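J.: Dropping the structure in here first, questions after.
The values are calculated or read from the model by the stated rules, or taken from the named source; none is laboratory data. The model shown is predicted, which means the values in this text are computed figures rather than measured ones. As a convention, Cβ positions derive from the backbone with ideal geometry for all residues, glycine included, and neighbour counts pool all protein chains shown. Accessible surface is based on the protein model in full, side chains and every heavy atom, while ligands, DNA and RNA are left aside. Shrake-Rupley method; radii C 1.70, N 1.55, O 1.52, S 1.80 Å.
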Amino acid sequence: MFILGLIWLALISATVLWFISTQETRLTIAAGPRHSESFELASAIAKVYNQQNELSQIDVFETGGSSDNIRLLQAGHVDFATTQADAQVNEKSTAVASLFVDAYQLIVNDASNINSFNELQGKFVVTAPLISGQHDSFWFVADHYGLTQDDLTALPMSEEAANFAMVMGQVDAAYRVRAPGNRAIRALVRNQQMHIVPIEHAEALSLRHSSLSAGVVPAGAYRGSPPVPERDLPTAVLDRVLLAHKDLDYEVVNELTALLFEHHSELAAHSKLAGFIRPITDDSDIPIPLHPGAQGYYDREKPGFLQKNTRMLASFIYVGAFVSSLGLALRSRVMRRRKVRVSEYTLQLMNIAEQAQQTQENAQLHELKDELVKILNTVVTDLSKDKVTQEEFEHFSFTWQAVNTLVRDRLAFANGME
(Lines give C-alpha, C1' and ligand atoms only; values in the text may rest on other atoms or scores of the structure.)
Protein backbone atom coordinates (compact mmCIF):
# COMPACT_ATOMS: atom_id res chain seq x y z
CA MET A 1 0.00 0.00 0.00
CA PHE A 2 2.87 2.36 0.83
CA ILE A 3 4.52 1.77 -2.58
CA LEU A 4 1.17 2.21 -4.37
CA GLY A 5 0.62 5.45 -2.46
CA LEU A 6 4.02 6.78 -3.57
CA ILE A 7 3.26 5.86 -7.18
CA TRP A 8 -0.12 7.64 -7.07
CA LEU A 9 1.50 10.70 -5.45
CA ALA A 10 4.16 10.84 -8.17
CA LEU A 11 1.51 10.54 -10.90
CA ILE A 12 -0.64 13.28 -9.39
CA SER A 13 2.38 15.57 -8.96
CA ALA A 14 3.46 15.01 -12.56
CA THR A 15 -0.08 15.72 -13.79
CA VAL A 16 -0.28 18.98 -11.81
CA LEU A 17 3.13 20.12 -13.05
CA TRP A 18 2.18 19.31 -16.65
CA PHE A 19 -1.10 21.20 -16.26
CA ILE A 20 0.66 24.24 -14.85
CA SER A 21 3.35 24.19 -17.58
CA THR A 22 0.74 24.09 -20.35
CA GLN A 23 -1.33 26.99 -18.98
CA GLU A 24 -1.26 30.05 -21.21
CA THR A 25 0.03 33.26 -19.61
CA ARG A 26 -1.88 36.40 -20.55
CA LEU A 27 -0.03 39.70 -20.45
CA THR A 28 -1.65 43.10 -21.01
CA ILE A 29 -0.53 46.49 -22.34
CA ALA A 30 -2.44 49.72 -21.75
CA ALA A 31 -1.62 51.59 -24.96
CA GLY A 32 -3.67 54.80 -25.25
CA PRO A 33 -6.25 55.80 -27.89
CA ARG A 34 -6.80 53.33 -30.75
CA HIS A 35 -5.47 55.64 -33.48
CA SER A 36 -2.40 56.82 -31.57
CA GLU A 37 1.19 55.89 -32.40
CA SER A 38 1.62 54.17 -29.03
CA PHE A 39 -1.38 51.92 -29.69
CA GLU A 40 -0.06 51.11 -33.17
CA LEU A 41 3.41 50.19 -31.91
CA ALA A 42 2.07 48.29 -28.89
CA SER A 43 -0.12 46.25 -31.26
CA ALA A 44 2.91 45.47 -33.43
CA ILE A 45 4.88 44.35 -30.36
CA ALA A 46 1.98 42.14 -29.25
CA LYS A 47 1.67 40.51 -32.70
CA VAL A 48 5.36 39.63 -32.95
CA TYR A 49 5.50 38.48 -29.31
CA ASN A 50 2.44 36.25 -29.77
CA GLN A 51 3.99 34.71 -32.88
CA GLN A 52 7.16 33.89 -30.95
CA ASN A 53 5.45 32.41 -27.87
CA GLU A 54 2.95 29.57 -27.64
CA LEU A 55 2.28 29.67 -23.91
CA SER A 56 2.40 33.44 -23.38
CA GLN A 57 0.24 36.02 -25.15
CA ILE A 58 -0.06 39.82 -24.98
CA ASP A 59 -3.37 41.68 -25.23
CA VAL A 60 -3.43 45.40 -26.08
CA PHE A 61 -6.08 47.62 -24.48
CA GLU A 62 -7.33 50.97 -25.71
CA THR A 63 -7.27 53.66 -23.01
CA GLY A 64 -7.68 57.40 -22.63
CA GLY A 65 -3.97 58.18 -22.57
CA SER A 66 -0.85 58.29 -20.41
CA SER A 67 -2.54 59.19 -17.12
CA ASP A 68 -5.11 56.43 -17.61
CA ASN A 69 -2.34 53.95 -18.50
CA ILE A 70 -0.33 54.77 -15.38
CA ARG A 71 -3.40 54.45 -13.17
CA LEU A 72 -4.14 50.99 -14.57
CA LEU A 73 -0.50 49.89 -14.24
CA GLN A 74 -0.08 51.12 -10.69
CA ALA A 75 -3.35 49.46 -9.67
CA GLY A 76 -2.04 46.16 -11.05
CA HIS A 77 -4.77 45.87 -13.71
CA VAL A 78 -2.23 45.69 -16.58
CA ASP A 79 1.35 44.45 -16.87
CA PHE A 80 2.74 47.04 -19.30
CA ALA A 81 1.80 50.60 -20.25
CA THR A 82 2.90 53.33 -22.61
CA THR A 83 3.34 56.86 -21.31
CA GLN A 84 4.99 60.20 -21.86
CA ALA A 85 8.31 60.44 -20.05
CA ASP A 86 7.10 63.55 -18.19
CA ALA A 87 4.16 61.70 -16.60
CA GLN A 88 4.04 61.36 -12.82
CA VAL A 89 4.64 57.75 -11.72
CA ASN A 90 5.23 56.03 -8.39
CA GLU A 91 7.57 53.23 -7.32
CA LYS A 92 5.34 50.56 -8.88
CA SER A 93 6.20 51.76 -12.40
CA THR A 94 9.51 50.83 -14.00
CA ALA A 95 10.84 51.56 -17.47
CA VAL A 96 11.58 49.02 -20.21
CA ALA A 97 12.51 51.01 -23.33
CA SER A 98 12.01 54.25 -25.21
CA LEU A 99 9.52 53.64 -28.04
CA PHE A 100 9.79 56.90 -30.01
CA VAL A 101 9.99 60.67 -29.50
CA ASP A 102 6.93 62.87 -29.03
CA ALA A 103 6.83 66.62 -29.64
CA TYR A 104 4.72 69.36 -28.10
CA GLN A 105 2.63 70.72 -31.00
CA LEU A 106 0.13 73.55 -31.22
CA ILE A 107 -2.08 73.56 -34.35
CA VAL A 108 -4.01 76.78 -35.02
CA ASN A 109 -6.56 78.00 -37.56
CA ASP A 110 -5.11 80.65 -39.86
CA ALA A 111 -8.08 82.90 -39.09
CA SER A 112 -7.19 82.99 -35.40
CA ASN A 113 -4.00 85.02 -36.05
CA ILE A 114 -2.08 83.04 -33.42
CA ASN A 115 1.66 82.88 -34.02
CA SER A 116 3.00 81.98 -30.57
CA PHE A 117 1.82 80.04 -27.53
CA ASN A 118 1.34 83.13 -25.36
CA GLU A 119 -1.18 84.48 -27.90
CA LEU A 120 -3.71 81.87 -26.73
CA GLN A 121 -5.08 84.35 -24.22
CA GLY A 122 -8.82 84.76 -24.77
CA LYS A 123 -8.90 81.87 -27.29
CA PHE A 124 -10.70 78.51 -27.43
CA VAL A 125 -8.23 75.61 -27.28
CA VAL A 126 -9.03 71.89 -27.50
CA THR A 127 -6.86 69.63 -25.38
CA ALA A 128 -6.74 65.89 -24.83
CA PRO A 129 -9.13 64.28 -22.30
CA LEU A 130 -8.44 64.81 -18.61
CA ILE A 131 -7.15 61.22 -18.25
CA SER A 132 -4.43 61.89 -20.83
CA GLY A 133 -0.91 63.04 -20.08
CA GLN A 134 -1.27 65.52 -22.96
CA HIS A 135 -3.77 67.50 -20.90
CA ASP A 136 -1.26 67.88 -18.06
CA SER A 137 1.46 68.83 -20.55
CA PHE A 138 -0.69 71.64 -21.98
CA TRP A 139 -1.13 73.30 -18.60
CA PHE A 140 2.56 72.76 -17.85
CA VAL A 141 3.47 74.83 -20.93
CA ALA A 142 0.66 77.35 -20.27
CA ASP A 143 2.00 77.91 -16.75
CA HIS A 144 5.43 78.65 -18.19
CA TYR A 145 3.88 81.41 -20.34
CA GLY A 146 1.85 82.74 -17.40
CA LEU A 147 -1.52 81.55 -18.72
CA THR A 148 -4.19 80.25 -16.33
CA GLN A 149 -7.66 78.76 -16.75
CA ASP A 150 -9.06 82.29 -16.48
CA ASP A 151 -7.04 83.47 -19.49
CA LEU A 152 -8.36 80.99 -22.07
CA THR A 153 -11.06 78.41 -22.63
CA ALA A 154 -9.66 74.86 -22.64
CA LEU A 155 -11.97 72.17 -23.97
CA PRO A 156 -10.87 68.57 -23.22
CA MET A 157 -12.19 66.18 -25.86
CA SER A 158 -11.26 63.15 -27.96
CA GLU A 159 -8.98 63.50 -30.97
CA GLU A 160 -11.82 62.93 -33.47
CA ALA A 161 -14.05 65.51 -31.80
CA ALA A 162 -11.16 67.97 -31.60
CA ASN A 163 -10.41 67.58 -35.32
CA PHE A 164 -14.08 68.17 -36.17
CA ALA A 165 -14.20 71.30 -34.01
CA MET A 166 -11.05 72.63 -35.69
CA VAL A 167 -12.35 71.97 -39.22
CA MET A 168 -15.67 73.62 -38.42
CA GLY A 169 -13.87 76.68 -37.04
CA GLN A 170 -15.47 76.34 -33.62
CA VAL A 171 -12.12 76.55 -31.82
CA ASP A 172 -8.92 78.48 -32.44
CA ALA A 173 -6.26 75.89 -31.65
CA ALA A 174 -5.58 72.26 -30.76
CA TYR A 175 -2.74 71.05 -28.53
CA ARG A 176 -1.17 67.62 -29.08
CA VAL A 177 1.84 65.67 -27.79
CA ARG A 178 2.51 63.44 -30.76
CA ALA A 179 5.42 62.26 -32.89
CA PRO A 180 6.21 64.66 -35.77
CA GLY A 181 4.35 63.44 -38.87
CA ASN A 182 1.43 62.07 -36.83
CA ARG A 183 -1.34 60.81 -39.13
CA ALA A 184 -4.17 62.53 -37.26
CA ILE A 185 -2.38 65.91 -37.36
CA ARG A 186 -1.53 65.38 -41.04
CA ALA A 187 -5.19 64.70 -41.83
CA LEU A 188 -6.14 67.86 -39.93
CA VAL A 189 -3.72 70.34 -41.56
CA ARG A 190 -3.11 68.83 -45.01
CA ASN A 191 -6.03 70.42 -46.83
CA GLN A 192 -7.15 73.03 -44.31
CA GLN A 193 -6.21 76.61 -43.62
CA MET A 194 -4.13 75.75 -40.57
CA HIS A 195 -0.54 76.01 -39.44
CA ILE A 196 1.66 74.86 -36.58
CA VAL A 197 3.03 77.35 -34.06
CA PRO A 198 6.55 77.02 -32.59
CA ILE A 199 6.81 76.39 -28.85
CA GLU A 200 9.85 78.34 -27.71
CA HIS A 201 11.90 78.06 -24.51
CA ALA A 202 12.37 74.28 -24.64
CA GLU A 203 15.61 74.59 -22.66
CA ALA A 204 13.82 76.58 -19.98
CA LEU A 205 11.04 73.98 -19.83
CA SER A 206 13.65 71.23 -19.41
CA LEU A 207 14.89 72.99 -16.27
CA ARG A 208 11.49 72.27 -14.72
CA HIS A 209 11.23 68.73 -16.08
CA SER A 210 14.39 66.76 -16.88
CA SER A 211 12.62 64.47 -19.37
CA LEU A 212 12.19 67.36 -21.82
CA SER A 213 14.76 68.53 -24.33
CA ALA A 214 14.92 70.91 -27.26
CA GLY A 215 13.80 69.57 -30.64
CA VAL A 216 12.01 70.52 -33.84
CA VAL A 217 9.00 69.67 -35.93
CA PRO A 218 10.75 69.28 -39.33
CA ALA A 219 9.73 71.43 -42.27
CA GLY A 220 7.29 69.56 -44.50
CA ALA A 221 6.44 66.99 -41.81
CA TYR A 222 2.72 67.21 -42.70
CA ARG A 223 2.70 68.48 -46.28
CA GLY A 224 5.36 68.84 -48.90
CA SER A 225 3.97 71.51 -51.22
CA PRO A 226 3.39 74.03 -49.93
CA PRO A 227 5.28 72.74 -46.92
CA VAL A 228 3.63 72.41 -43.53
CA PRO A 229 5.35 73.58 -41.51
CA GLU A 230 7.23 75.98 -43.76
CA ARG A 231 10.44 75.67 -41.67
CA ASP A 232 11.85 73.64 -38.82
CA LEU A 233 9.82 74.73 -35.82
CA PRO A 234 11.47 74.69 -32.39
CA THR A 235 9.59 72.83 -29.69
CA ALA A 236 10.05 70.61 -26.66
CA VAL A 237 10.41 66.87 -27.24
CA LEU A 238 10.30 63.87 -24.91
CA ASP A 239 10.30 60.09 -25.04
CA ARG A 240 7.26 57.85 -25.23
CA VAL A 241 8.20 55.08 -22.80
CA LEU A 242 7.12 51.48 -22.33
CA LEU A 243 6.61 50.78 -18.62
CA ALA A 244 6.30 47.50 -16.71
CA HIS A 245 4.91 46.86 -13.25
CA LYS A 246 7.81 46.50 -10.84
CA ASP A 247 6.54 43.09 -9.61
CA LEU A 248 6.39 41.61 -13.10
CA ASP A 249 8.60 38.53 -13.49
CA TYR A 250 12.24 39.21 -14.42
CA GLU A 251 12.25 36.66 -17.25
CA VAL A 252 9.06 38.05 -18.80
CA VAL A 253 10.44 41.60 -19.00
CA ASN A 254 13.86 40.39 -20.10
CA GLU A 255 12.30 38.36 -22.92
CA LEU A 256 10.13 41.26 -24.10
CA THR A 257 13.10 43.66 -24.01
CA ALA A 258 15.10 41.21 -26.12
CA LEU A 259 12.23 41.05 -28.63
CA LEU A 260 12.21 44.85 -29.01
CA PHE A 261 15.85 44.92 -30.10
CA GLU A 262 16.34 41.54 -31.77
CA HIS A 263 13.22 41.42 -33.97
CA HIS A 264 13.33 44.85 -35.64
CA SER A 265 12.39 43.57 -39.09
CA GLU A 266 9.30 41.72 -37.82
CA LEU A 267 8.19 44.74 -35.76
CA ALA A 268 8.81 47.15 -38.65
CA ALA A 269 6.57 45.02 -40.87
CA HIS A 270 3.66 46.00 -38.62
CA SER A 271 4.75 49.53 -37.62
CA LYS A 272 7.41 51.84 -39.05
CA LEU A 273 7.73 53.35 -35.58
CA ALA A 274 9.66 50.24 -34.53
CA GLY A 275 12.75 51.83 -36.06
CA PHE A 276 12.73 54.46 -33.30
CA ILE A 277 12.85 52.00 -30.38
CA ARG A 278 16.01 52.54 -28.35
CA PRO A 279 17.39 51.41 -25.00
CA ILE A 280 17.29 53.55 -21.89
CA THR A 281 20.89 54.24 -20.90
CA ASP A 282 22.42 55.50 -17.67
CA ASP A 283 22.72 59.03 -19.09
CA SER A 284 19.14 59.11 -20.39
CA ASP A 285 16.82 62.03 -19.61
CA ILE A 286 14.09 59.57 -18.59
CA PRO A 287 13.69 59.85 -14.80
CA ILE A 288 11.92 56.49 -14.39
CA PRO A 289 14.03 53.61 -12.95
CA LEU A 290 14.57 50.54 -15.12
CA HIS A 291 12.91 47.19 -14.44
CA PRO A 292 15.58 44.61 -13.42
CA GLY A 293 14.61 42.44 -16.41
CA ALA A 294 15.29 45.28 -18.85
CA GLN A 295 18.47 46.24 -17.01
CA GLY A 296 19.64 42.65 -17.26
CA TYR A 297 19.21 42.70 -21.04
CA TYR A 298 21.04 46.02 -21.44
CA ASP A 299 23.92 44.78 -19.27
CA ARG A 300 24.32 41.45 -21.10
CA GLU A 301 27.34 42.63 -23.11
CA LYS A 302 28.89 44.85 -20.49
CA PRO A 303 32.27 43.59 -19.29
CA GLY A 304 32.20 41.87 -15.93
CA PHE A 305 34.16 42.95 -12.90
CA LEU A 306 37.17 40.82 -13.85
CA GLN A 307 37.19 42.15 -17.42
CA LYS A 308 36.91 45.77 -16.33
CA ASN A 309 39.63 45.44 -13.73
CA THR A 310 42.07 43.16 -15.58
CA ARG A 311 45.02 45.54 -15.29
CA MET A 312 44.39 46.25 -11.64
CA LEU A 313 44.03 42.53 -10.85
CA ALA A 314 47.20 41.78 -12.82
CA SER A 315 49.01 44.41 -10.77
CA PHE A 316 47.72 42.86 -7.55
CA ILE A 317 48.82 39.42 -8.70
CA TYR A 318 52.26 40.75 -9.62
CA VAL A 319 52.64 42.52 -6.28
CA GLY A 320 51.33 39.45 -4.45
CA ALA A 321 53.80 37.19 -6.24
CA PHE A 322 56.64 39.61 -5.48
CA VAL A 323 55.69 39.87 -1.81
CA SER A 324 55.28 36.10 -1.56
CA SER A 325 58.66 35.52 -3.16
CA LEU A 326 60.22 38.07 -0.84
CA GLY A 327 58.56 36.41 2.15
CA LEU A 328 59.77 32.98 1.10
CA ALA A 329 63.29 34.32 0.61
CA LEU A 330 63.26 35.94 4.04
CA ARG A 331 61.90 32.79 5.62
CA SER A 332 64.56 30.71 3.89
CA ARG A 333 67.22 33.10 5.14
CA VAL A 334 65.89 32.93 8.69
CA MET A 335 65.80 29.14 8.52
CA ARG A 336 69.41 29.05 7.30
CA ARG A 337 70.43 31.32 10.16
CA ARG A 338 68.68 29.07 12.64
CA LYS A 339 70.37 26.00 11.22
CA VAL A 340 73.76 27.72 11.38
CA ARG A 341 73.08 28.83 14.95
CA VAL A 342 72.04 25.32 16.12
CA SER A 343 74.98 23.77 14.22
CA GLU A 344 77.36 26.09 16.04
CA TYR A 345 75.89 25.07 19.39
CA THR A 346 76.16 21.40 18.40
CA LEU A 347 79.82 21.85 17.41
CA GLN A 348 80.49 23.48 20.78
CA LEU A 349 78.91 20.47 22.50
CA MET A 350 81.00 18.05 20.44
CA ASN A 351 84.14 20.04 21.28
CA ILE A 352 83.28 19.82 25.01
CA ALA A 353 82.73 16.07 24.66
CA GLU A 354 86.09 15.65 22.96
CA GLN A 355 87.89 17.65 25.65
CA ALA A 356 86.13 15.66 28.41
CA GLN A 357 87.38 12.39 26.92
CA GLN A 358 90.96 13.65 26.76
CA THR A 359 91.31 14.91 30.33
CA GLN A 360 91.14 13.46 33.83
CA GLU A 361 91.67 16.71 35.68
CA ASN A 362 88.86 17.55 38.03
CA ALA A 363 89.18 21.34 37.59
CA GLN A 364 89.04 21.21 33.77
CA LEU A 365 86.02 18.92 33.87
CA HIS A 366 84.22 21.42 36.14
CA GLU A 367 85.01 24.18 33.62
CA LEU A 368 83.51 22.05 30.83
CA LYS A 369 80.45 21.53 33.04
CA ASP A 370 80.09 25.30 33.42
CA GLU A 371 80.37 25.79 29.64
CA LEU A 372 77.55 23.29 29.13
CA VAL A 373 75.31 25.31 31.45
CA LYS A 374 76.16 28.56 29.63
CA ILE A 375 75.37 27.02 26.23
CA LEU A 376 72.06 25.71 27.56
CA ASN A 377 71.14 29.16 28.89
CA THR A 378 72.00 30.75 25.54
CA VAL A 379 69.86 28.28 23.58
CA VAL A 380 66.91 28.71 25.97
CA THR A 381 67.16 32.48 25.47
CA ASP A 382 67.21 32.03 21.67
CA LEU A 383 64.13 29.77 21.96
CA SER A 384 62.19 32.49 23.83
CA LYS A 385 63.13 35.01 21.09
CA ASP A 386 62.07 32.63 18.25
CA LYS A 387 65.66 32.42 17.06
CA VAL A 388 65.45 28.65 17.55
CA THR A 389 62.38 26.50 16.89
CA GLN A 390 60.96 24.00 19.35
CA GLU A 391 61.96 21.14 17.11
CA GLU A 392 65.55 22.39 16.85
CA PHE A 393 65.68 22.85 20.62
CA GLU A 394 64.57 19.25 21.13
CA HIS A 395 67.36 17.99 18.85
CA PHE A 396 69.88 20.20 20.67
CA SER A 397 68.56 19.03 24.06
CA PHE A 398 69.16 15.40 23.15
CA THR A 399 72.80 16.11 22.25
CA TRP A 400 73.33 18.34 25.30
CA GLN A 401 72.08 15.61 27.68
CA ALA A 402 74.43 13.08 26.09
CA VAL A 403 77.46 15.40 26.50
CA ASN A 404 76.38 16.37 30.03
CA THR A 405 76.21 12.67 30.97
CA LEU A 406 79.69 12.13 29.53
CA VAL A 407 81.16 15.03 31.53
CA ARG A 408 79.41 13.86 34.71
CA ASP A 409 80.78 10.32 34.24
CA ARG A 410 84.26 11.68 33.63
CA LEU A 411 84.01 13.74 36.83
CA ALA A 412 82.95 10.66 38.81
CA PHE A 413 85.87 8.71 37.36
CA ALA A 414 88.35 11.50 38.20
CA ASN A 415 87.05 11.77 41.78
CA GLY A 416 87.36 7.98 42.21
CA MET A 417 91.01 8.02 41.17
CA GLU A 418 91.75 10.66 43.78
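J.: Could you compute the FRET efficiency for Thr153 and Ala258, with r as their C-beta to C-beta distance and R0 at 45 Å, rounded to 0.05?
T.: 0.40
J.: Same structure, new question: Can you tally the lysine pairs in the chain where the Cα-Cα distance is under 29 Å and the two residues are eight or more apart, or on different chains?
T.: For the chain, qualifying lysine pairs total 15.
J.: So what's the angle, to the nearest 10 degrees on a 0 to 90 scale, between helix 310-358 and the longest Cα principal axis of the chain?
T.: Approximately 10 degrees, to the nearest 10.
J.: In terms of modelled amide H atoms, which long-range or inter-chain residues lie less than 5 Å from the amide H of Val228?
T.: The answer is Gly220, Ala221, Tyr222, Arg223.
J.: Provide the three semi-axes, in whole Å and in decreasing order, of the ellipsoid equivalent to region 1-88 as defined by the square roots of 5 times the Cα gyration tensor eigenvalues.
T.: For region 1-88, the ellipsoid semi-axes come out as 41, 15, 7 Å.
J.: If you rank Met157, Met1 by how much accessible surface each has, with a 1.4 Å probe, what is the order from largest down?
T.: Met1, Met157
J.: Please report, largest first and rounded to whole Å, the three semi-axes of the ellipsoid equivalent to region 344-418, where each semi-axis is the square root of five times an eigenvalue of the C-alpha gyration tensor.
T.: 26, 10, 9
J.: If you don't mind, there's one more thing I want to ask. In 10 Å bins starting at zero, report the fraction of Cα pairs in region 43-156 per bin as a rounded %.
T.: 12, 35, 28, 17, 7, 2
J.: Answer with one residue from Ser213, His35, Val379: the one whose Cα lies farthest towards the positive end of the charge dipole of the chain, charges on Cβ with Lys, Arg +1 and Asp, Glu -1.
T.: Result: Val379.
J.: Note the full-extension length gain between Phe398 and Trp8 as 0.36 nm times their separation in residues minus their Cα-Cα distance, in nm to one decimal.
T.: 132.8 nm
J.: A follow-up question, please. Using only the Cα atoms of region 194-270, each taken as one equal point scatterer with no solvent, compute I(q) by the Debye sum, divide by I(0), and report log10 of the ratio at q = 0.12, 0.17, 0.19, 0.23 Å⁻¹.
T.: Calculated log10 I(q)/I(0) at the listed q: -0.62, -0.87, -0.89, -0.96.
J.: Hey, if we sort Arg300, Arg278, Arg223 by accessible area with the 1.4 Å probe, largest down, what's the order?
T.: These residues rank, largest area first, as Arg300, Arg278, Arg223.
J.: Right, here's the next one. Using only Cα atoms and rounding to the nearest 10 degrees, what angle (0 to 90) does helix 2-21 make with the longest principal axis of the chain?
T.: Around 50 degrees separate the two axes.
J.: In the set [x] 22.9, 68; [y] 44.3, 149; [z] 23.3, 74, which value of Rg and Dmax of the Cα atoms in Å was calculated from the structure you see?
T.: The calculated read-out lines up with [y].
J.: Out of residues 5 or more away from Val60 or on other chains, whose amide H comes under 5 Å of its own, with H placed 1.01 Å from N in the peptide plane?
T.: Under 5 Å from the amide H of Val60 lie the amide H atoms of Ile29, each far enough along the sequence or on another chain.
J.: What's the extension gain from Lys302 to Arg26 if we count 0.36 nm per residue and subtract their Cα-Cα distance?
T.: Length gained between Lys302 and Arg26: 96.2 nm.
J.: Can you give me the solvent accessible area of Arg34 with a 1.4 Å probe, rounded to the nearest 10 Å²?
T.: Its accessible surface works out to 130 Å², give or take rounding.
J.: Then there's this: Å³ per residue of the Cα convex hull, for region 91-162?
T.: In region 91-162, the Cα convex hull volume per residue is 138 Å³.
J.: Continuing with the same structure: Give me the dipole magnitude in Debye, nearest 20, for the chain about the Cα centre, with unit charges on the beta carbon: positive for Lys and Arg, negative for Asp and Glu.
T.: 1100 debye
J.: Could you tell me the center-to-center distance, by alpha carbons, between region 171-231 and region 124-168 in angstrom?
T.: Each part reduced to its Cα centre gives a spacing of 15 Å.
J.: 222 nm [θ] for the chain, helices only, -39500 (n - 2.57) per DSSP H run of 4+, per residue, to 500?
T.: -16500 deg cm²/dmol
J.: Still on this model: Which whole-number percentage describes the relative contact order of the chain, with Cα contacts under 8 Å and a sequence gap of 6 or more?
T.: Computed value for the chain: 16 percent relative contact order.
J.: If you line up the Cα atoms of region 94-240 on their principal axes, what length do they span on each, largest first, in Å?
T.: 41, 38, 25
J.: With point charges of +1 on the Cβ of Lys and Arg and -1 on the Cβ of Asp and Glu, referenced to the Cα centre of the chain, which listed residue (Leu238, Phe398, Gln121) lies farthest in the positive direction of the dipole?
T.: Phe398
J.: Report the gain in length on full extension from Asn118 to Leu55: 0.36 nm times residue separation, minus Cα-Cα distance, nm rounded to one decimal.
T.: That works out to 17.3 nm of additional length.
J.: How would you rank 142-148, 232-238, highest first, on the average number of other Cβ atoms within 10 Å across their residues?
T.: Descending packing order for the listed peptides: 232-238, 142-148.
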